[in-house]
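Structure first, then comments.
The values are calculated or read from the model by the stated rules, or taken from the named source; none is laboratory data. Quantities reported herein were computed from a predicted structural model and do not represent experimental measurements. Glycine also receives a Cβ, built like all others from the backbone with ideal geometry; neighbour counts cover every protein chain displayed. What goes into the accessible areas is simple: the full protein's heavy atoms, side chains included, and nothing from ligands, DNA or RNA. Shrake-Rupley method; radii C 1.70, N 1.55, O 1.52, S 1.80 Å.
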Amino acid sequence: MDLVDVKEKWSNTINTVTIGATASEGGTRGKTVTVGGETTLPFLKFEGDIPHAPVIAGLVVDVVPEGWPEVLTSAIGDVIKSPAAWAKTLVDELNVDLICLKLLGPDPAGSNRSAGDAAKTVKEVLEAVDVPLIIWGCGDEEKDNEVLPECSQAAKGENCLLGSATESNYRTMGAIGKADKHKLIAEAPVDINIAKQVNILLHDSGFDLKDVVMCQVTAALGYGFDYVYTIFERVRIAGLKGDKHMALPQIANVGWEVWKVKEAIADEDVLPGWGKLRDRGPRWEATTATGYIQAGADIITLAHPDAIKIVRDTIAELTV
Amino acid sequence: MIFVGERINTGFKDIKQAVMDKDPKPLQRWARDQTAAGATYLDVNLGAVSTKPEDMCWMIETVQAAVDTPISIDSNKPAILAEAIKVCNKPPLINSSTASQEKMDVFLPIVVECGGSVIGLSMDDAGAPKSADMRVEKAGMFLATAMEHGITPDRVFLDPIVMPLKFMQDQAKEILEAARQFLLFSDPAPHIICGLSNVSNGTTHKKLINRIFLTMLINNGADAAICDVMDTDLVHAALTAELVMNREIYADSYI
């Protein structure tokens, strides 16, 4: 008896987004990174095309976040004090595909650095590495509205991925993205309806959704991971079924979110029986990341060198 | 929701005159307006104005010079279809074939040749169906034959044959029931389409009847309609019905 063919056939293709610009494209990057283009769900190559494997963005923060455990900071090493040197190490030693520069410094609740300082950091990182750049604001909307335009201009023509456009700031983000030729991250607070709404708003304001990567506020394993996982999955299925507002590549900001939860920062003295943080921390990060990759993430940010290695191996294994 | 814009049809005076004068402007205006209104396909119907394939080709090329929306070639003449598919820039929707073996033998190879989709009417030479069962039988035969030709269900649009409410009031329920059963034919299911304006033929409250009937048909599985896409109330009602059926993801600006 013949086996029944259970292959799914989808009617739509996920948008393809290229980040970075080489000299011939008006930038200074040595290479570009392309994501998206899928015609089926993650890793189901027998069903459709998956032209681009998920990519890893090494996380660099302009000021060391409070609360990061020694397990993480020591693994990153002394370079943690210099975003440019940190980025260079991630590229040279860990071969990350992109750098995700988180601009925490300008946060008014923290260092409250100036927009000019942030722009300077962006330039330094661009000079230190030749991979494409993701630039992510601190999350304070008022300050980001000041900082991101300046950083966007400092990186003009480099075709960076700027984060993030939300329901309230999409006009500003759309305008700077267009003016300086960058791609945008559209972000929603773990809410698929708002995710779609942000995309519709961006599209209606004249920003091409072919230049957008979607992001859900990423949850670490154990902290709403399953909610975000199902949103990634539902977004991808809707996109493949033909919803043009959902047929976008997706990014999971894992490196930034995981190193806030107790399982990734508290050692055995606080969590007896949970095993050494030295192993558990990076594994918590890697497990969160591999989950999102299987849900449909195209770009993953990662912080710990060991997590980067584990996730890269997993992607390679699943992509064979 | 797949909307097939019905307006480029020589049944309308302005289009008839334009085709006779070979004046591209009215066709292109309707092409742009219907595309802007959200048409997935633009139906192009030469009607009784001419039997020459080149006139149909002129209409299609004229529309394609204005927009890149795919064409629904509205003709039951194989000679016209065979020529028309050659000028389509994108895979067209062939509108339409009945389920009679003779018709399918001629039409389905044309669909295969152009890689497009096809509307299958749930009727054959015996004429319009009276019951849901008859519609299901004919539509099932059409889908099975299309699949034998290698046309997958996602390229088949089954039409339960909409009848005028005013003159055949008992038919509406049969049509709705037939559509519901079409859904069960295959997984994934074929598309279910209707020529909507038939339902309100001769009535006073045309738009209201169209709108209500389409939302009820969507509830029973329809995902496509040949209709007046310029009727924004109709389009908004259909999009809302799709949300109610959980086929689209809600967003505040879904309209």
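So the values come out like this:
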item: Global geometry of region A:93-202, whether rounded, prolate or oblate, following the gyration tensor of its Cα atoms and the 1.5 cut on a/c; result: prolate
item: Quotient of Cα Rg and 2.2 N^0.38 Å for chain B, N being how many residues it contains; result: 0.96
item: Which listed pairs, of A:81/A:102; A:244/B:25; B:16/B:207, have C-alpha distances above 21 Å, in listed order; result: A:244/B:25; B:16/B:207
item: Surface accessible to a 1.4 Å probe, residue B:228 within the full protein complex, Å²; result: 60 Å²
item: Debye intensity ratio in log₁₀ form over the Cα atoms of the protein assembly as shown, taken at each q of 0.10 Å⁻¹; result: -0.89
item: Area of residue B:29 that stays accessible when all protein chains are in place (1.4 Å probe, Å², to 10); result: 120 Å²
item: Test item: Cα-centred dipole of the protein assembly as shown, Lys/Arg +1 and Asp/Glu -1 on Cβ, debye; result: 1080 debye
item: Exposure ranking of A:7, A:88, B:13 by accessible area [1.4 Å probe, largest first]; result: B:13, A:7, A:88
item: Solvent exposure ordering (accessible area, 1.4 Å, most first) of B:23, A:144; result: B:23, A:144
item: With DNA, RNA and ligands ignored, accessible area of residue A:231 (1.4 Å probe; Å², nearest 10); result: 10 Å²
item: Whole-number accessible area per residue in Å² for chain B, which is evaluated in the context of all protein chains at 1.4 Å; result: 44 Å²
item: Cα-only Debye scattering, chain A: base-10 log of I(q)/I(0) at q = 0.13, 0.14 Å⁻¹; result: -0.91, -1.06
item: Per residue convex hull volume, Cα atoms of region A:240-314, in Å³; result: 95 Å³
item: Selection from B:67, B:203, B:161, by position along the positive dipole direction of region B:2-244 (Cβ); result: B:203
item: Cα gyration tensor shape for region A:148-269, rounded if a/c is under 1.5, else prolate or oblate; result: oblate
item: Mean residue ellipticity (222 nm) of chain A, computed from DSSP H runs ≥ 4 via -39,500 (n - 2.57), nearest 500; result: -12500 deg cm²/dmol
item: Under the Debye formula (equal points on every Cα, no solvent term), log10 I(q)/I(0) of region B:84-156 at q = 0.11, 0.12, 0.14, 0.19 Å⁻¹; result: -0.25, -0.30, -0.40, -0.70
item: Accessible surface ranking that places the most exposed of A:104, A:240 first, with a 1.4 angstrom probe; result: A:104, A:240
item: Debye, to nearest 20: dipole size of region A:17-318, +1 on Lys, Arg Cβ, -1 on Asp, Glu Cβ; result: 500 debye
item: Chain A - share of DSSP beta bridges that are antiparallel (%, nearest 5); result: 10 percent
item: Choice from A:90, A:202, A:277 with maximal GNM fluctuation in chain A (Cα, 10 Å cutoff); result: A:277
item: Helical mean residue ellipticity (222 nm; -39500 (n - 2.57) per DSSP H run of 4+; nearest 500) of chain B; result: -14500 deg cm²/dmol
item: Farthest toward positive dipole pole in the protein assembly as shown [+1 Lys/Arg, -1 Asp/Glu at C-beta], among A:145, B:190, A:114; result: B:190
